[in-house]
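Worksheet: the structure to be examined is printed underneath.
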Amino acid sequence: MKLSHDELKNLMKNKLMKAGLNEDHADIAAEVMTWSDERGYHSHGAVRVEYYAERIAKGGITANPKFEWEETGPCSGVFEGDNGCGYAVAKYGMDKAIEMAKKNGIAVVGMKNMSHSGSIGYYTEMAAEQGLLAISFCQSDPMAVPVGGTEPYYGTNPISFAAPTADDRTVVFDMATTVQAWGKILDKRSRHESIPDSWAVDEKGNPVTDPNHVNALLPIAGAKGYGLMMMVDVFSGILLGVPFGKHVSSMYHDLSKGRELGQMHIVIDPARFVGAEEFKKAMSASIDELGEMPTAEGYDKVYYPGERAMLRKEKAYATGGVEIVDEIYEYLKSDDIHFDRYDHKNRFAE
Ligand code: NAI
């Protein structure tokens, strides 16, 4: 089923409100998930609504949270999320960071006790659209093995960077620190296909090619990815005093309890460095140069981070809308809130 931005967003928003979430937070969550689906990040779009609806209905996302903002210095602050909707916490946290960076040049804003906030590129893009640079990191549930280990310790702990240009392009780099998402393993299982040995390990920490024997995902680029996922946990977990490493709550373990996750936004005003206009002009020149580079065999162009996502969005709307799996569309327009499918599943929600 192909849907317009508003059709998709309103279906998701209504479902979250039916589950009990307040309208303001349902609106933000639906907007961010639409952002993901439009860009082809379907793993963080409408497919997640039923899970959130179940968690809201069971009390594991506070439907009407009491947010608190504490300014801890001219360039720093902490946003207490009361285990409310992670999308709203991350969006309001970025609003604060943008305001602070515009005033004081840089902002480091931690958000704590929040639930899952989806595609974190949405929040860094918010800052870039205001002419600022941004970085965001967040915790996610343990499913990746550290190099040399046997047990999952870190989550897929994503990192996003964004930067403005002098034109309508925005560079948004947004990635998980594992080689693949768990969803890709499930997909391979359902197709009875093997996986490359660089994706995951078994119970003994050995690489696996049989997707049925996966015990943990591997970090990107070996020790380098392991180091990155650790530092994501340091900046967005340990620094904020929330559970860290293997103590981070599982997405599916108990849907009646808040997840107590952490996220960190860092926003920088280029006016305090090379100058706002000079920065943007050089950004445009840099991505022009990349795009004009002769390509290696098998490639049509050198893309800048986020460019292919924007092209997927443009193509979706030029061809009738964002493609949503029929089964998910049927659920979204039904009166059902959830089917009790996620609570107490193992960390991989098989
Ligand atoms: P991905 O692997 O599709 O893309 C990663 C980055 O590489 C993107 O910035 C993309 O623009 C860039 N890229 C990909 N191919 C490129 C090419 N040929 N040329 C230039 N740039 C290219 O993304 P991934 O790692 O699968 O993450 C998907 C989404 O999942 C992200 O939005 C991320 O924030 C989200 N996520 C959220 C988590 C959470 O707990 N909130 C956990 C893990 C991921």
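The values are calculated or read from the model by the stated rules, or taken from the named source; none is laboratory data. The model shown is predicted, which means the values in this text are computed figures rather than measured ones. So basically every Cβ, Gly included, is an ideal-geometry build from the backbone, and we count neighbours across all protein chains shown.
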Filter result (of a type in the set (A, V, I, L, M, F, W, C) and either closer than 22 Å to Trp182 by Cβ or assigned by TED's automatic domain parsing to the domain that holds Thr156 (or both)) within the stretch 13-47: Ala29, Val32, Met33, Trp35, Ala46, Val47
Any hit, the stretch 229-248, residues being within 16 Å of the ligand (Cβ to nearest atom), under 19 Å from the mean Cα position of the chain (by Cα), among the small types (Gly, Ala, Ser) and not in a helix (DSSP H, G or I): yes
Test: residue in the stretch 311-326 that is in a loop (DSSP other than H, G, I, E, B), within 12 Å of the ligand (Cβ to nearest atom) and free of Cβ contacts under 8 Å to residues at least 24 places away in the same chain: no
Residue under evaluation Gly205, criteria (1) modelled with pLDDT under 95; (2) in a helix (DSSP H, G or I), criterion not met: (2)
The stretch 42-69, residues that are within 16 Å of the ligand (Cβ to nearest atom), basic (Lys, Arg) and under 18 Å from Glu260 (Cα atoms): Arg55
Residues (over 13 Å from the mean Cα position of the chain (by Cα), buried (at least 21 other Cβ atoms within 10 Å of the Cβ) and within 30 Å of Asp288 (Cα to Cα)) located in the stretch 121-164: Met126, Ala127, Ala128, Leu132, Leu133, Ala134, Ala162, Ala163, Pro164
Among the residues listed as Asp254, Asp233, Asp269, the single one being in the same structural domain as Lys102 (by TED's automatic domain parsing) and at pLDDT below 95: Asp254
Every pair of residues 6+ apart whose Cβ atoms lie under 7 Å, when the first sits in the stretch 156-183 and is without any contact (Cβ under 8 Å) to a residue 60 or more places away in the chain and more than 16 Å from Pro305 (Cα to Cα) while the second is assigned to a loop (DSSP other than H, G, I, E, B) and more than 9 Å from the ligand (Cβ to nearest atom): Thr178/Leu218; Val179/Ser198; Val179/Trp199; Val179/Leu218; Gln180/Trp199
Tally, over the stretch 272-310, of residues that are within 16 Å of the ligand (Cβ to nearest atom), in a helix (DSSP H, G or I) and not acidic (Asp, Glu): 8
Output for the stretch 90-115, where each listed residue is among the hydrophobic types (A, V, I, L, M, F, W, C) and either surrounded by fewer than 24 Cβ atoms within 10 Å (Cβ to Cβ) or away from the ligand (no atom under 13 Å from the Cβ) (or both): Met94, Ala97, Ile98, Met100, Ala101, Ile106, Ala107, Val108, Val109
Test set (1) crowded, with 21+ Cβ neighbours inside 10 Å; (2) of a type outside the set (Lys, Arg); (3) away from the ligand (no atom under 16 Å from the Cβ) - Ala216 fails condition number: (3)
Which numbered condition Gly118 misses (of (1) more than 12 Å from the ligand (Cβ to nearest atom); (2) of a type in the set (Gly, Ala, Ser); (3) surrounded by 22 or more Cβ atoms within 10 Å (Cβ to Cβ)): (1)
Qualifying residue in the stretch 208-220 (condition: without any contact (Cβ under 8 Å) to a residue 24 or more places away in the chain, touching a strand residue (DSSP E or B) at 6+ places or on another chain (Cβ under 6 Å) and either farther than 24 Å from Tyr41 by Cα or basic (Lys, Arg) (or both)): yes
